[in-house]
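Novice: Sharing a structure, written as structure tokens. Questions coming.
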Amino acid sequence: MTDPTPLTASTPHTEIVSVSGPELITYADELAALLVETVESGASVGFLAPLDRGAAAAWWRGRAAAVDAGDQRVWIARDGERVAGTIGLNLALLPNARHRAEITKVMVRPSMRGRGLGRSLLATVECAAAEAGLTLLVLDTETGSPAERLYRSAGWTECGSTPDYAGDPAGTLKPTTFYYKAIRTAAQSTSCR
């Protein structure tokens, strides 16, 4: 496991850590609870409600091989022993795209929202991407969702939207907005030091 990244003073007992494939399996049940809560709160993260916790845990365990292969990275935010949030980074596999990656599954427990944890998760991944030599990150989110405020305030640039791109937890098709952020490599960045 990599060294924990302490968060801001607004979340003094929370740390963000990158997890390995075996660690992801260990945390699968807690991550499943987070995913179920996120879907129940109305967030569009790829799943329909009601989401079975066992199916959610199986989905997380299914990511372990990609993490071990280095194709995906996952961080968790721990508040004591409890998983308070998570974020993923899917690395581009094609030779002409190895400078970029996609941010995925940004989730914060509803009871922990509004404390800067989402912003800390983003900053952690941006720094890790810079350290890996990546220069471009992309993500998407439901148009009009609270997540859009987070991404805009964190310096992400909207680059368009697609109507009826994905269903919300109730299955209603909603538009999705796409964002990108150009990042400096670790050697160029002072914010990651």
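Novice: Answer yes or no: is there a residue in region 167-184 that is surrounded by 14 or more Cβ atoms within 10 Å (Cβ to Cβ), among the small types (Gly, Ala, Ser) and part of a loop (DSSP other than H, G, I, E, B).
Specialist: Checked against the condition, which is being surrounded by 14 or more Cβ atoms within 10 Å (Cβ to Cβ), among the small types (Gly, Ala, Ser) and part of a loop (DSSP other than H, G, I, E, B), region 167-184 yields no hits at all.
Novice: What's the total number of residues in region 136-157 that are in contact (Cβ under 8 Å) with a residue 60 or more places away in the chain and crowded, with 21+ Cβ neighbours inside 10 Å?
Specialist: 3
Novice: Quick check on this structure: which one of 61, 82 is over 19 Å from residue 134 (Cα atoms), at pLDDT below 95 and out of contact with any Cys (no Cβ under 9 Å at 6 or more places or on another chain)? It would help to see each step written out before you state the result.
Specialist: Details: 61 fails: at pLDDT below 95.
Going through 61, 82 in turn, just one is over 19 Å from residue 134 (Cα atoms), at pLDDT below 95 and out of contact with any Cys (no Cβ under 9 Å at 6 or more places or on another chain): 82.
Novice: Hey, among 97, 65, 69, which residue is over 30 Å from residue 175 (Cα atoms), exposed (fewer than 13 other Cβ atoms within 10 Å of the Cβ), hydrophobic (A, V, I, L, M, F, W, C) and free of Cβ contacts under 8 Å to residues at least 12 places away in the same chain? Spell out the reasoning first.
Specialist: Working: 97 fails: over 30 Å from residue 175 (Cα atoms); 65 fails: free of Cβ contacts under 8 Å to residues at least 12 places away in the same chain.
Going through 97, 65, 69 in turn, just one is over 30 Å from residue 175 (Cα atoms), exposed (fewer than 13 other Cβ atoms within 10 Å of the Cβ), hydrophobic (A, V, I, L, M, F, W, C) and free of Cβ contacts under 8 Å to residues at least 12 places away in the same chain: 69.
Novice: Moving on. Considering region 7-57 alone, what residues qualify as being modelled with pLDDT under 95 and either more than 17 Å from the chain's Cα centre (by Cα) or in a loop (DSSP other than H, G, I, E, B) (or both)?
Specialist: Once the filter is applied, which keeps residues that are modelled with pLDDT under 95 and either more than 17 Å from the chain's Cα centre (by Cα) or in a loop (DSSP other than H, G, I, E, B) (or both), region 7-57 yields 7, 8, 9, 10, 11, 12, 13.
Novice: Restricted to region 102-133, and to residues that are at pLDDT 95 or above and among the hydroxyl-bearing types (Ser, Thr, Tyr), which residue is farthest from residue 44 (Cα to Cα)?
Specialist: Here the answer is 124.
Novice: Here are some conditions: (1) of a type in the set (Asp, Glu); (2) surrounded by fewer than 21 Cβ atoms within 10 Å (Cβ to Cβ); (3) on the phi < 0 side of the Ramachandran plot. Residue 164 meets all but one. Which one does it not meet?
Specialist: Residue 164 satisfies every listed condition except (3).
Novice: Quick one: count up the residues across region 70-107 that are within 16 Å of the chain's Cα centre (by Cα), more than 11 Å from residue 139 (Cα to Cα) and among the polar types (S, T, N, Q).
Specialist: Residues that pass the stated criteria total 2.
Novice: Kindly provide the set of residues from region 58-78 that are in a helix (DSSP H, G or I) and within 17 Å of residue 17 (Cβ to Cβ), ordered by number. Break it down into steps so the answer makes sense when it comes.
Specialist: Kept after step one, since they are in a helix (DSSP H, G or I), are these residues of region 58-78: 58-61, 64-69.
60, 64, 67, 68, listed by residue number.
Novice: Condition (residue is surrounded by 14 or more Cβ atoms within 10 Å (Cβ to Cβ), more than 13 Å from the chain's Cα centre (by Cα) and on the phi < 0 side of the Ramachandran plot) applied to region 113-122: is it met by at least one residue? Spell out the reasoning first.
Specialist: Step one: of region 113-122, the residues surrounded by 14 or more Cβ atoms within 10 Å (Cβ to Cβ) are 113, 115-122.
Those left that are additionally more than 13 Å from the chain's Cα centre (by Cα): 113, 115-116.
Subset that is on the phi < 0 side of the Ramachandran plot: 113, 115.
Yes: one or more hits.
Novice: Considering only residues of region 101-112 that are crowded, with 18+ Cβ neighbours inside 10 Å and charged (D, E, K, R), which is nearest to residue 179 (Cα to Cα)?
Specialist: Out of the qualifying residues, it is 105.
Novice: Let me ask something else about it. Which members of region 78-131 meet the condition of being over 23 Å from residue 153 (Cα atoms) and of a type in the set (Asp, Glu)? Give the derivation first.
Specialist: First pass over region 78-131, keeping only residues over 23 Å from residue 153 (Cα atoms): 78-83, 91-99.
Matches in region 78-131: 79, 81.
Novice: Considering only residues that are over 15 Å from residue 26 (Cα atoms), surrounded by 18 or more Cβ atoms within 10 Å (Cβ to Cβ) and aliphatic (A, V, I, L, M), which ones fall in region 46-62?
Specialist: The one that is over 15 Å from residue 26 (Cα atoms), surrounded by 18 or more Cβ atoms within 10 Å (Cβ to Cβ) and aliphatic (A, V, I, L, M): 51.
The values are calculated or read from the model by the stated rules, or taken from the named source; none is laboratory data. Everything numeric in this text was worked out from a predicted model, so none of it was measured. Backbone-built Cβ (ideal geometry, glycine too); neighbour counts: all protein chains shown.
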